[in-house]
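Quick notes on the structure that follows.
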Amino acid sequence: MTQRVEEVPFEPRSVYRRRSGRISEIKYSLYLARKNPLVLSGSVLAIGSILIAALSGIIVDPRSWAFQYPPRYYCWNNPWINWHLQNIKPCPPGTPFYPLGADAFGRNLLNMIILGLPIDLQISFSIVISAFAIGVALGAVAAYAGGLIDEAVLRITDVFFAFPGLVLALVLVAVFGRNLTILTLAVLVVWWPLYVRLTRSQILAEKEKPYAEALKAMGAGRLRILFLHIIPNSIYPVIVQATLDIGGVILTFSSLMFLGFAPSPLTPELGKLVSDGISFVSQAPWLVIFPGLAIVLVALGFNLLGDGIRDILDPRLRR
Amino acid sequence: MLSIRRLNFLGTITDSTLGELESINLVEARNVFKWFPIKGGLFGRTIANVRAVDGVSISIRKGETMGLVGESGSGKTTLGRTIMRLIDPTKGEIFFDGVNITRLSGRSLKRYRRRMQMVFQDPYASLDPRQTVRSALTEPMKIHHIASSKKEADEAAAKLIETVGLNQDHLERFPHEFSGGQRQRIAIARALAVNPEFVLLDEPTSSLDVSVQAQILNLLKQLQRRFNLTYLFISHNLSVIRHMCDRVAVMYLGRIVEIGNMKAIYESPKHPYTFALLSAVPNPDPTKRKEHEPVLEGEVPSPIDIPSGCRFRTRCPYNTEKCAREFPPLVEIEPGHWVECHYDIDFSSARRSF
Amino acid sequence: MNSTPQLTKKNVALEVRNLRVVFHTYAGVVKAIDGVNLTVHSKELLGLVGESGSGKSVTALAIAGLLPENAEVLEGEVLLRGKDLLKQSKKELRMARLTDIALVFQDPMTYLNPVMTIGTQITEIFTGNLKIYKDELIQSRLDQIENELRQETDPKKISKLNEEKTKLEIKKQNSSGISKKEGKRLAKLLAIEYLKLVKLPEPERVFKMYPFELSGGMRQRAMIAMALVRRPAVLLADEITTALDVTVQAQILKLIKELRDKVDAAIILITHDLGIVAETCDRVAVMYAGNIVEEGDVIEIFKNPLHPYTVGLFGAVPRPDIEKENLEPVPGSVPDLINPPSGCRFHPRCPKAFERCPKSKPPLIEYKPGHKVACFLYGG
């Protein structure tokens, strides 16, 4: 045997990947995240809001959302309260007990926002996670089975896509009464088809890649290829979509609340707070501005985070 | 270690006698068709067929390297994938080691999958980007239950990676951390992980640089000797085919138009397409520059609408009325050298007056 | 055999002097091009050959001023018509790119607009810059008329052509521009002339076609026409035949050879295929890891390669006409350009390296007339 295999002395990328493997992958991701200020601020906002939501019961009195009666003396003048009590002074933001002011029921607006956050985030997470689970399962089945099953799943998603979300919510509320669970279901019903479509298209694209064929040629079974290779490779865009959707669901849900689907007039949901404040917007704009701002910041945080994850997972950056 | 490989003497055995020498053919395709239907209209009727492979018979003998050369759209990759049973032929049969594997599926097919492996053109795309090299190399062993324990599989992977000229430090890395040549080495190692007998090489070097290509070609030759492998080498690069192969089949629009020993094909091509292909290859020798030689006009016609009679006639400088009317016969011009052409053209004078 | 054009100082089309380009990346600073000197003459076909990572495409991009944002030109000059392109303002650079430098890429489909006809894409160059191209458009039409007059026998048509000629000559004298409609007409005639030049069948029909209606070879011809129609001083052809089949590649190479004699441009053919260089070029420059290691007349270099890398490159190429028992490639792979080897960048792979090689970088010296090499084995 005269031939020898040449040693390969140089590897172009080994300089910064010397102790290679998963750890350096994560390090590289963190580097990419640090390099992008938007991602950083997005994650601060998103993680911050989750933290506040988790600790809300400790930060503020969990019962402070309830109607304060008799209303505190320095609360803002409101005709309904006026009917009971004269001489209630307006209560704008900046006072020591009420940094963001108080609302029409004499409640501390800051406390209300802090108590509203966990409600919104819980609902949003449960909708997105359920939609994600249904979407990945159905999408994978549709893409991999193909043929009639694929067609059936697609048509079902079409039907649900065609549902007008608002009308559905109206009907459900009319039938089952005002209830947060019912409203969550109403949003979920119009939300999950997107994930089926997305997962399906991702898997279809991934299925055609040469490595899937290479595995088939190697003798790997269909399920092995699907679960160990194709799904893990096609899941990233779906995760990105889910992160983006957390903000989106919060917006949708607060819109529903704003439109008057709130179960109880006192629910400290962010959209409901805006809706409560809207009738006094000319005299007390902060009642609309602060809860609105809270919605925007949370949604923005998750959107930026989602965009950042997409950038970091971008294969062009990865190579 | 087995070192006898070149079975060139078999080149004198004609296809007609091959029936009796079944065991000598490791892989055989008999009259294989692969048509891809184009659906259209309201009810998804088949309105046309892409005739990617249109009646091909080819046999690959144990230990040899068969070259399959053709331009894009010639159907060479489709034929390769059909032989590997990655797609089902529309018609025709595929034999592996004398067994008809055309209708096999599931577990019985998996047995044969272990014996035939494949190396793809784009090594990066053919490796799962999320898998480390170790996991890519041990996966085929897991699939075919070759290694009894994780430790055994790891040892085998370490041995494999050194066989293809990389070292064990590379096992923990991901495909994107390697250069093109290294990735192709990994893909080759993965193909060898299950001790195959037959390896289909689908343009294994066409995305690589010249010197890396040479390294890979040398490696492939060395591995063939060492493991007594049989290769089907698909390429559009005639120089690489010449370097690697014992026999060559030239494909044009879904059919093999000429097949024979490497020497016979390159030194005395008989089909006008083979001749045109050979004269179109740029030669890295400026003193042999083809200054005024005319080149083949036009491009390969669409495989949906294949010309009548001889399919090369639309570009053939020798085309006559007969070519449009009649399908050319497959003629054995010399022992083991088959040509699908009506005429026996002497290209030695044509080199000037083509 | 081609006689190489007279290499006098006069007809230098482009000169690159001591060009150094780096890329800023996550991993570090990639020293992509490290002192490249290159001269191309009008009507010359220069082959720029090298493996991936050798910097041949980066050189082309630097010449065309199309380097990506993370690239930085450390030093060097790109002299075109006596002006240094690297020191010019963005606007001037854009002008130079419009008029003097043309690029053709490997994959025409990515550089052609899929929703515009070939014709619109060619004429757009002129109609979008009518002021700049006024004289050129009129002059080219006048040349066309001259040509047609020489062949025409029909007196009616001759008078018609003469009439157009006088009209155009008046417009040429006139300092005001030409109307958009007139510009469009002239541009179309010019475009069709160039589509004819690149031997596209039925150029009038191709003019109205969309890129997807053309085959790969035809698209590449259209790209070449689009590049040449501006009468560039330099045509950079980056791997233009890599995506094509052998027989179509032969057609395009034949076309390039013919065009060399018909147009004034200097053509730089960037390729990794030594066969293409041997087949078409007059001169060849071999690049390795950001340096030109050998340069000279094609026949001389292929017959008598000096640099160990060039020798290794030739050893690695399988030949279509000769059976080689073994290929002898240079061992190893292209170096990491973030930490390139000291001295001669080839020395870690070089079979003939000696103690001087890692210490300093060998200059590109003229070993004999028409053959330059950067290697200490041959002096320097």
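Here are the numbers:
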read-out: For region C:31-162, diffusion coefficient by Stokes-Einstein and Kirkwood Rh (Cα), 20 °C, 1.002 mPa s, µm²/s; value: 116
read-out: Between region C:36-64 and region C:237-291, the Cα center-to-center distance that results, in Å; value: 11
read-out: Surface accessible to a 1.4 Å probe, per residue, for the residues of the protein assembly as shown, Å²; value: 44
read-out: Whole-number percent relative contact order across region A:167-319, with pairs defined as alpha carbons under 8 Å at least 6 apart; value: 22
read-out: Shape parameters for region A:146-191, alpha-carbon atoms, Rg then Dmax in Å; value: 13.2, 41
read-out: Selection from C:Phe212, B:Leu86, A:Val141, by position along the positive dipole direction of the protein assembly as shown (Cβ); value: A:Val141
read-out: Per-residue average of Cβ from other chains inside 10 Å of C:249-255; value: 5
read-out: Dipole in debye (nearest 20) - the protein assembly as shown, about Cα centre, beta carbon charges: Lys, Arg +1; Asp, Glu -1; value: 1040
read-out: Among B:Phe95, B:Phe327, B:Phe198: highest mean-square fluctuation, GNM of chain B, C-alpha pairs under 10 Å; value: B:Phe327
read-out: Value of relative contact order over chain B, rounded to a whole percent, pairs C-alpha under 8 Å and six or more apart; value: 21
read-out: GNM flexibility winner over chain B from B:Gly44, B:Gly67, B:Gly55 (Cα, springs under 10 Å); value: B:Gly44
read-out: Total charge dipole magnitude, chain B, about the Cα centre, Cβ charges on Lys, Arg, Asp, Glu only, Debye to nearest 20; value: 840
read-out: Using a Förster distance of 22 Å, the FRET efficiency for A:Arg155-B:Arg45 (Cβ separation, nearest 0.05); value: 0.55
read-out: For B:Tyr252, residues with placed amide H under 5 Å, excluding near neighbours; value: B:Val257
read-out: Diffusion constant of region A:177-254 at 25 °C, which comes from Stokes-Einstein with the Kirkwood Cα-pair radius and 0.890 mPa s, µm²/s; value: 168
read-out: Dimensionless Rg/Rh of region B:250-293 - Kirkwood Rh, Rg from C-alpha atoms; value: 1.03
read-out: Principal axes of region C:114-219: Cα extent on each, largest first, Å; value: 41, 34, 17
read-out: Distance in nm between pseudo-label sites at A:Arg34 and C:Tyr210 (7 Å out along the Cβ direction from Cα); value: 4.9
read-out: Two-decimal log10 I(q)/I(0) for region B:52-109, as the Debye equation yields it once each C-alpha is a single scatterer, q = 0.17, 0.27 Å⁻¹; value: -0.61, -1.31
read-out: Inverse mean reciprocal Cα-Cα distance (Kirkwood Rh) of region C:232-380, Å; value: 16.9
read-out: Rounded to 5, percent antiparallel among DSSP beta bridges of chain C; value: 65
read-out: Counting DSSP beta bridges with both ends in the protein assembly as shown, the antiparallel % (nearest 5); value: 65
read-out: Percent antiparallel among DSSP beta bridges (both partners in chain B, rounded to 5); value: 65
read-out: Vicinal HN-Hα couplings computed from phi for region C:243-250 (Karplus, 6.51 cos²θ - 1.76 cosθ + 1.60; Hz; Gly/Pro x); value: 8, 9, 6, 4, 5, 6, 4, 4
read-out: Shielding by partners, peptide B:237-250 (average Cβ within 10 angstrom, other chains); value: 3
read-out: Karplus 3J(HN,Hα) series, Hz, for region A:132-141 with 6.51 cos²θ - 1.76 cosθ + 1.60 (x for Gly, Pro); value: 4, 5, 4, x, 5, 4, 5, x, 5, 4
read-out: Spatial separation of Cα centroids for region A:180-209 and region A:229-297, in angstrom; value: 20
read-out: Rg/Rh for region C:210-252, where both radii come from Cα atoms and Rh is the Kirkwood radius; value: 0.98
read-out: All Cα pairs of region B:20-131, percent lying beyond 25 Å; value: 31
read-out: Positive-pole candidate from C:Val373, C:Pro363, C:Ser333, dipole of region C:315-380, charges at beta carbon; value: C:Pro363
read-out: Most fluctuating residue given options C:Thr241, C:Thr153, C:Thr120, as computed from a GNM of chain C linking Cα atoms under 10 Å; value: C:Thr153
read-out: Cα-based Kirkwood hydrodynamic radius, region C:303-380, one decimal, Å; value: 13.9
read-out: Which listed pairs, of A:Lys35/B:Lys159; C:Lys87/C:Lys181; C:Lys83/C:Lys208; C:Lys180/C:Lys208; B:Lys263/C:Lys199, have C-alpha distances above 31 Å, in listed order; value: A:Lys35/B:Lys159; C:Lys87/C:Lys181; C:Lys83/C:Lys208; B:Lys263/C:Lys199
read-out: Shape box of chain B [Cα atoms, principal axes, largest first, Å]; value: 68, 59, 46
read-out: Separation between Cα centres of region B:127-180 and region C:307-380, rounded to whole Å; value: 33
read-out: If the convex hull is drawn through the Cα atoms of region A:166-319, its volume per residue in Å³; value: 132
read-out: Distant alpha-carbon pairs in the protein assembly as shown (separation over 42 angstrom), percent; value: 54
read-out: Taking the C-alpha atoms of chain C, convex hull volume expressed per residue in Å³; value: 168
read-out: Computed [θ] at 222 nm, helices only, for the protein assembly as shown once each DSSP H run of length n ≥ 4 contributes -39500 (n - 2.57); value: -14000 deg cm²/dmol
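The values are calculated or read from the model by the stated rules, or taken from the named source; none is laboratory data. Bear in mind the structure is a predicted one, so any value in this text is a computation, not a measurement. Every residue, glycine as well, gets a Cβ built from its backbone with ideal geometry; the counts of neighbours run over all protein chains shown. SASA here: full protein model, heavy atoms, side chains in, ligands and nucleic acids out. Shrake-Rupley method; radii C 1.70, N 1.55, O 1.52, S 1.80 Å.
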